[in-house]
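Report on the structure given below.
The values are calculated or read from the model by the stated rules, or taken from the named source; none is laboratory data. Keep in mind the model is a prediction, meaning the values are calculated, not measured. Methodologically, a virtual Cβ is constructed for each residue, glycine included, from the backbone with ideal geometry; neighbour enumeration extends over all protein chains shown.
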């Protein structure tokens, strides 16, 4: 269930001499270490629960690799939508990061530490940790994400198209993916609550 989001695999590996990523999971390059910092470092803050996706986007525009910023901004928008769809409220600034390309700048790292979370209960509004919409509203709705798509270099029509594609992927594939990962089917009814936020 990728929904066109780049991931780093959730597995343990040994970072041997000259290698940080397991084969095939990292950015294409020669065997060498890649400098990584969190979005908190990129934005120069120690308060990991403040900030917003728009602020990360501005950081990428300022420090990103020329020629790759547009792609990274769309990818960041997809991750924001992904976190809304799976109710991942553990999306603080240290759970986003960038990788340094010497002499060029910083690029968005593969996604990591994404945790679908069931709703807390009736009447509890969904909110992410990072700001989503205009005025940094944290309300986890797709309308909120769509309201700022232009900050990510996307026309409203493009933002709507991405959201529709990701919604379809979630609703049609989450059970198949969880089953393939050996998640007990008895847990599906509870986990389904993490994926119900598919309406505007």
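Residue under question is residue 187, and the condition is that it be assigned to a helix (DSSP H, G or I), surrounded by fewer than 12 Cβ atoms within 10 Å (Cβ to Cβ) and either modelled with pLDDT of 95 or more or touching a strand residue (DSSP E or B) at 6+ places or on another chain (Cβ under 7 Å) (or both); does it hold? Give the derivation first.
Numbers: assigned to a helix (DSSP H, G or I): yes; surrounded by fewer than 12 Cβ atoms within 10 Å (Cβ to Cβ): yes; either modelled with pLDDT of 95 or more or touching a strand residue (DSSP E or B) at 6+ places or on another chain (Cβ under 7 Å) (or both): no.
Taking the combined requirement at face value, the residue does not satisfy it.
May I ask you to list the residues in the range 82-96 that are in a helix (DSSP H, G or I), in contact with a helix residue (DSSP H, G or I) (Cβ under 7 Å, 6 or more places away or on another chain) and closer than 25 Å to residue 168 by Cβ? I'd like the intermediate steps shown before the answer.
To start, the set of residues in the range 82-96 that are in a helix (DSSP H, G or I) comprises 82-85, 93-95.
Pick out the ones that are also in contact with a helix residue (DSSP H, G or I) (Cβ under 7 Å, 6 or more places away or on another chain) and you get 82, 84-85, 93-94.
Matches in the range 82-96: 82, 84, 85.
Tell me which of these residue 50 doesn't satisfy, since it passes every other one: (1) buried (at least 17 other Cβ atoms within 10 Å of the Cβ); (2) part of a loop (DSSP other than H, G, I, E, B); (3) touching a strand residue (DSSP E or B) at 6+ places or on another chain (Cβ under 9 Å).
Here residue 50 meets the rest and fails (1).
The rows are residues; the columns are (1) in a helix (DSSP H, G or I); (2) farther than 24 Å from residue 189 by Cα; (3) free of Cβ contacts under 8 Å to residues at least 12 places away in the same chain.
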| residue | (1), (2), (3) |
| --- | --- |
| 67 | no, yes, yes |
| 80 | yes, yes, no |
| 98 | no, yes, no |
| 116 | no, no, no |
